[in-house]
Amino acid sequence: MSESRVDIALKMLDPDLPAPSYAHEGDAGADLCAREDVTLEPGQRALVPTGVSLALPLGYVGLIHPRSGLATKHGLTVVNAPGTVDAGYRGELKVTLLNTDATTPIVLKRGDRIAQLVIQKVERAHFIQVQDLDDSSRGAGGFGSTGGFETANSSH
Ligand SMILES: O=c1ccn([C@H]2C[C@H](O)[C@@H](COP(=O)(O)OP(=O)(O)OP(=O)(O)O)O2)c(=O)[nH]1
Ligand SMILES: [Mg+2]
C-alpha cells in the first residue's frame, strides 16, 4: 500500500534551517527545528520559533506534538500538546516548550529538532442545539468511572 500525500505550500522564514521532513517512510510526524538557541531551566517554558510557515489547504490541520525521545530522556514537552495550526494561519509556527525536569536545565541549539508536525484531515461540525441528547451506555460517566489503579497515596 502506498502512502497518500497532500501538497502543502511551505515557506522557510530562515532558509539556513532545514525544512520539516519525515525521517522514515510511514512516519506521521515531520520534525520541526528551533530557529533560536534556548535554555530552559527546570520547570521553565518558552515560546520557540521554528522558521516555518504554511498554507494548509482547507479541511486540514497541523498538530504540533512533542518528540518522545526528548520527553523520555530530558523531560521536554509541549505545554499545549498537540498545538493546533489552523488552515488559515500564515504566521510562523512556534512551539511552547516546557522543561518538566525537576533539577536539570535543557539546552537547545538553533537547528535542534524540538517537536514534530502531524498533518491531518479535519471535520468541521455543524453544531445543532437540542434540549435532550440521545442515550448512550457511557452516559455521563467519566474521569475514572471505569476504574484505575492503586498508588501508594491513593485515598481509600
Ligand atoms: O503550538 C502552536 C499552537 C498554535 N500556533 C499558531 C497556529 C494557530 O493557527 C494559531 C492560533 O492557535 P490557537 O487557536 O491554539 O491559539 P489561541 O490562543 O486560541 O489564539 P487565537 O485567538 O489567535 O486563535 O497559533 C502555533 O504556531 N503553535
Ligand atoms: Mg484559537
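The values are calculated or read from the model by the stated rules, or taken from the named source; none is laboratory data. For clarity, every value in this text was computed on a predicted model and none was experimentally measured. In this analysis, Cβ positions are derived from the backbone assuming ideal geometry, glycine residues included, and neighbour counts consider all displayed protein chains. Heads up: the accessible areas ignore ligands, DNA and RNA and are worked out on the full protein's heavy atoms, side chains in. Shrake-Rupley method; radii C 1.70, N 1.55, O 1.52, S 1.80 Å.
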Qualifying residue in region 85-107 (condition: open to solvent by 70 Å² or more (accessible area, probe 1.4 Å), away from ligand 1 (no atom under 15 Å from the Cβ) and either under 20 Å from PRO18 (Cβ atoms) or modelled with pLDDT under 95 (or both)): yes
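Looking at LEU58, LEU63, can you tell me which residue is surrounded by fewer than 14 Cβ atoms within 10 Å (Cβ to Cβ), free of Cβ contacts under 8 Å to residues at least 60 places away in the same chain and not β-branched (Val, Ile, Thr)? Break it down stepwise before answering.
Values: LEU63 fails: surrounded by fewer than 14 Cβ atoms within 10 Å (Cβ to Cβ).
Exactly one of LEU58, LEU63 is surrounded by fewer than 14 Cβ atoms within 10 Å (Cβ to Cβ), free of Cβ contacts under 8 Å to residues at least 60 places away in the same chain and not β-branched (Val, Ile, Thr), namely LEU58.
Any residue at all in region 123-145 that is of a type in the set (Lys, Arg), surrounded by 11 or more Cβ atoms within 10 Å (Cβ to Cβ) and either under 21 Å from PRO18 (Cβ atoms) or within 16 Å of ligand 1 (Cβ to nearest atom) (or both)? Walk me through how you get there before you give the answer.
Keep residues of region 123-145 that are of a type in the set (Lys, Arg), which gives 124, 138.
Now restrict to residues that are surrounded by 11 or more Cβ atoms within 10 Å (Cβ to Cβ): none.
Within region 123-145, none of the residues are of a type in the set (Lys, Arg), surrounded by 11 or more Cβ atoms within 10 Å (Cβ to Cβ) and either under 21 Å from PRO18 (Cβ atoms) or within 16 Å of ligand 1 (Cβ to nearest atom) (or both).
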Odd one out for PRO82, checked against (1) within 16 Å of ligand 1 (Cβ to nearest atom); (2) over 14 Å from ALA30 (Cα atoms): (2)
Residue within region 23-42 that is in a strand (DSSP E or B) and free of Cβ contacts under 8 Å to residues at least 60 places away in the same chain present: no
All positions within region 110-156 that are within 30 Å of LEU10 (Cα to Cα), of a type in the set (A, V, I, L, M, F, W, C) and in a loop (DSSP other than H, G, I, E, B): VAL122, ALA125
Near pairs, Cβ below 8 angstrom, 6+ apart or cross-chain, from region 71-98 (more than 25 Å from ARG124 (Cβ to Cβ) and part of a loop (DSSP other than H, G, I, E, B)) to any residue that is open to solvent by less than 40 Å² (accessible area, probe 1.4 Å) and more than 7 Å from ligand 1 (Cβ to nearest atom): GLY75/ASN99; GLY75/ILE106; VAL79/LEU97
